[in-house]
Amino acid sequence: MYKLKIVAGPNRGATFEVQEGETSIGRNPDNVIILPSNRISKKHCSLYLLNGEPTVQDHGSSNGTFVNGSLSKNKKIKSGDRISVGEFILEFTDTSSKRKSLSVQGMDNVLQFPTSQSQQSVAVVNQDGPPKNYQEKAKWYVEKGLLPFFYGLLLKYDWKIITAGLMAILLTVGLLVSIQPLIDSHQDTVVRESEKRAAALARQIVEKNAIAIANQAETKTDIGIIEREDGVDSAVLIDLKARIISPPEKMNQYFTKGNSAVVAIEALRMYERGKREAGYVKRTDDLVVAIEPLKVFDPTLSKNTIRAVAVVGIDITQAAMAVGEIGLYYSESLVVVGVVALLVFYILLRITLKPFEVLNEDLDKILRGEMSQITHEFKFDELNSLWEVLGSVIQRIPKAGGDSGMAGGSPGASVDEFIQTMRSLGELGFVGVVICDGEHKLLYANKNFEDVTGIRMDAAAGKSLPELARDQAFTMFVKEIFAKAASGAKPVEDLEFSGVAYKAMASHQMASGAHAYALVISKKETS
């Protein structure tokens, strides 16, 4: 079995199975392997597997197909070879071989690359199950199930937007987790205190009217001002048939309306059937209702019997926090936590970008001949491999005023090697890079160069760079600086686009009658 694995570029770690016959690679959905990027042609190249013989063939792509760093039109490959298309590097592996290929640390889990519905069966996910260790299993599920979604977002949106979105989610969840339990706890406290208050008021009514009920003097009963107290929804003394005894203004009416009445009638039935003897408290909707029986000694039965029932209902919504009040708490917390989150986000953004800003400045100085190597002072272990790659590339890129490098041609260096080196510099994205053949026809242009000049690689591939220029001045500039580079000089010229000053450096390579030119532009430092 043969496989292609993305070892560099977006969705690093994605693996694709290579079947017998043709495996096409490109950005169109009708390819077997779909790589969505504007640096990938619609049908960029194909890997042919015929009778166990793998071959890579370029289909006239704009940016070319490279095998192990060399520009290739049609080339046989073997297990372990690497194919570069656009910003992707794919490693070809014969998994049936006993020979073990090198893998990138921490990237053993295969991530399925986004494909259309018709191509979902193409990307083959790692068939191994999750590890048995709980910590590794959790990491395995995150790598396999969660991160591919965010890798897909990273292909569509800037990483700062995604990071800000994650911070917003963290902020929202943090507020819910921290404030909602406090609100719930407050609500529970309000309910408990309301239950105690309702029970106390019901007992107070019973104690105040026990003598009058015992003497059968209902007209002398009185519940005082209890029903007018804050939060009290209802306060009555009723007999066992739900007839109101007190307050006097409601005397002989039946207590049948409202949630308090429903609880009272339910209590009367239980007292009548002997299922309950003592008082109790029950919550219904937004009310807490306390029931307290008034007992009088019955000489015929030689025991206390229930003659009346005190009912007190308290509206807990008046003591609980209102929606507006809860919203105010959330708003205040959101403002405070939001300010802190913005500060944390800005700090994270700056400490992440600072090494790249220093790297960009160092590259500009190196290209102008003011430095010989990049600064590597920041403690950023994940970028160590990038620094190592940069160190090797820098040794081969043209330096202004230098006596080494590739400017003017390096003895023993092939044109393909020169092109691959300059492409590597362009893929780093710190400076604008364009590569032309001996006739100044466009072979490669990175995004930085496209943004500065407005020349788009998709539409301009194979066309003369001077003819693609916006104005005559740039046409003459390109011809002159390439002519100086071809003569063996190491030209560094000032250039201006849309009012922004740039430094432009040209280099030339010739080998076996083939020529290649490279133009590197970087923003000029302002004093």
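Since every read-out is calculated from the coordinates, none of them should be taken as a lab result. Predicted model only: the values in this text are computed from it and were never measured. Counting neighbours? That spans all protein chains shown, and the Cβs are built from the backbone with ideal geometry, glycine included.
Observations on the model:
- Taken one residue at a time, the phi angles of region 184-195 give Karplus couplings (6.51, -1.76, 1.60, θ = phi - 60°) of 4, 5, 5, 4, 4, 5, 4, 5, 5, 5, 5, 5 Hz. Gly and Pro are set to x.
- Using all pairs of distinct alpha-carbon atoms, the Kirkwood hydrodynamic radius of region 212-304 works out to 14.3 angstrom.
- Sites matching chymotrypsin sites (Phe, Trp or Tyr not before Pro) across region 150-211 that sit in DSSP coil, with at most 14 neighbouring C-beta atoms within 10 Å: Y157
- Listed pairs K137/K160; K479/K503; K139/K379; K354/K379; K5/K137 exceeding 21 Å between Cα atoms: K137/K160; K139/K379; K5/K137
- Once the C-beta distance of H59 and Y157 is scaled by a Förster radius of 30 Å, the resulting FRET efficiency is 0.50 to the nearest 0.05.
- Those trypsin sites (Lys or Arg not before Pro) in region 469-527 that DSSP places in a loop and that have at most 14 other beta carbons within 10 Å: R470
- In this simple spin-label approximation, Q19 and V262 carry label points 7 Å from Cα along the Cα→Cβ vector, and these lie 6.5 nm apart.
- Sorted peptide list for 446-457, 350-361, criterion being average Cβ within 10 angstrom, highest first: 446-457, 350-361
- Maximal additional length on extending the D458-E361 stretch stands at 32.0 nm, based on 0.36 nm per residue less the C-alpha distance.
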